[in-house]
Amino acid sequence: MSEVAILNSYDFDKTILITKSENTQTQEAFRVAYYALKEKGYDPISQLVGYLNSGDPAYITNQIDARNTIHGIARGDLMNELVLATAALRFRGN
């Protein structure tokens, strides 16, 4: 699980520290939701973005229990995983 230092949101002189740890449960939730949405003929990226923006579980299909799987993970943890994965792919070696 990721550690998050929570600071006053109006304190712009402070930085929020997020440390990475392997969160295979979060990765698995994304994998299950992605493939379930694709299997049902939905655009998985659009559906996942809709879910992350709104928190509405209706964006995720019940196929292979994807809705329950992803809804069991905090949206902040899901977004953290996306940023970490994107940074690892885009900025490796920099």
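Assorted remarks:
- Residue list for the range 58-81, filter: surrounded by fewer than 14 Cβ atoms within 10 Å (Cβ to Cβ) and among the basic types (Lys, Arg): none
- Search result, residues across the range 56-94 that are part of a loop (DSSP other than H, G, I, E, B), modelled with pLDDT of 95 or more and under 21 Å from Asn23 (Cβ atoms): Ile60
- Test: residue in the range 18-33 that is assigned to a loop (DSSP other than H, G, I, E, B) and at pLDDT 95 or above: no
- Taking the range 36-56 as the range and being in contact (Cβ under 8 Å) with a residue 12 or more places away in the chain and surrounded by 14 or more Cβ atoms within 10 Å (Cβ to Cβ) as the test, the residues that pass are Ala36, Leu37, Lys40, Tyr42, Gln47, Leu48, Tyr51, Leu52.
The values are calculated or read from the model by the stated rules, or taken from the named source; none is laboratory data. Not measured: the values here are computed from a predicted model. As a convention, Cβ positions derive from the backbone with ideal geometry for all residues, glycine included, and neighbour counts pool all protein chains shown.
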